[in-house]
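Read the structure below first, then the notes.
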Amino acid sequence: NSPAVHFDPRCIASVKESTEKLGYSMRDIVSGAGHDAVYVSRVVPTAMIFVPCLHGISHNEAESATPEDVAAGSNVLLNAVLNADHIF
């Protein structure tokens with residue numbers, strides 16, 4: 001067990017704003033996985049972006065995401081970074 005990590009509210013806001021601006025659907029989730037972002041968040045403001053995977057499987061050889069979903073996640077990341085200057 002490890003405690004929940006609370007990511008930076010400004011980073012989360014930037015991701016949400018980017019998602020809305022691009023017209024993608026989204027929802028807040030809690031992940032129990034030990035992502036690199038857990039450790040990075042101890043040093044710098046951090047958030048995470050997840051994309052849908054076939055049957056909800058991730059971090060596994062069976063993980064499969066469509067090119068469109070990967071592109072959407074990449075576009076959200078790009079726009080979140082570009083928009084971050086007015087949030088920080």
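The values are calculated or read from the model by the stated rules, or taken from the named source; none is laboratory data. These numbers were taken from a predicted model, which means no experiment stands behind them. Don't worry about glycine lacking a Cβ; one is built from the backbone with ideal geometry, like all the others, and counts go over all protein chains shown. We work out accessible area using only protein heavy atoms, side chains counted, and drop any ligands, DNA or RNA first. Shrake-Rupley method; radii C 1.70, N 1.55, O 1.52, S 1.80 Å.
Can you tell me which residues in the stretch 8-36 are of a type in the set (V, I, T) and part of a helix (DSSP H, G or I)? Scanning the stretch 8-36 gives I12, V15, T19.
The residue pairs whose first member lies in the stretch 55-70 and is in contact (Cβ under 8 Å) with a residue 12 or more places away in the chain, whose second member is surrounded by 12 or more Cβ atoms within 10 Å (Cβ to Cβ) and among the β-branched types (V, I, T), and whose beta carbons are closer than 8 Å, counting only pairs six or more residues apart or on different chains, are A65/V51; D69/V51; V70/V51. Looking across the stretch 55-84, the residues that are assigned to a helix (DSSP H, G or I) and touching a helix residue (DSSP H, G or I) at 6+ places or on another chain (Cβ under 7 Å) come down to N75, V76, N79, A80, N83, A84. Within the stretch 19-37, being small (G, A, S) and more than 10 Å from the chain's Cα centre (by Cα) holds for G23, S25, S31, G32, A33, G34.
On inspection, K16 fails the criterion of being open to solvent by 50 Å² or more (accessible area, probe 1.4 Å) and touching a residue at least 24 places away in the same chain (Cβ under 8 Å). Is it the case that the stretch 5-12 has a residue that's open to solvent by 90 Å² or more (accessible area, probe 1.4 Å), more than 15 Å from the chain's Cα centre (by Cα) and in contact (Cβ under 8 Å) with a residue 24 or more places away in the chain? Checking the stretch 5-12: not a single residue is open to solvent by 90 Å² or more (accessible area, probe 1.4 Å), more than 15 Å from the chain's Cα centre (by Cα) and in contact (Cβ under 8 Å) with a residue 24 or more places away in the chain.
Does the stretch 71-88 hold any residues that are farther than 14 Å from R10 by Cβ, of a type outside the set (A, V, I, L, M) and surrounded by 15 or more Cβ atoms within 10 Å (Cβ to Cβ), and which are they? Passing the criteria: G73, N75, N79. Taking the stretch 24-58 as the range and being surrounded by 11 or more Cβ atoms within 10 Å (Cβ to Cβ) and farther than 19 Å from D8 by Cβ as the test, the residues that pass are Y24, V51, P52, C53, L54, I57, S58. The residues of the stretch 59-70 that are open to solvent by 50 Å² or more (accessible area, probe 1.4 Å) and of a type in the set (A, V, I, L, M), listed by number, are A62, V70.
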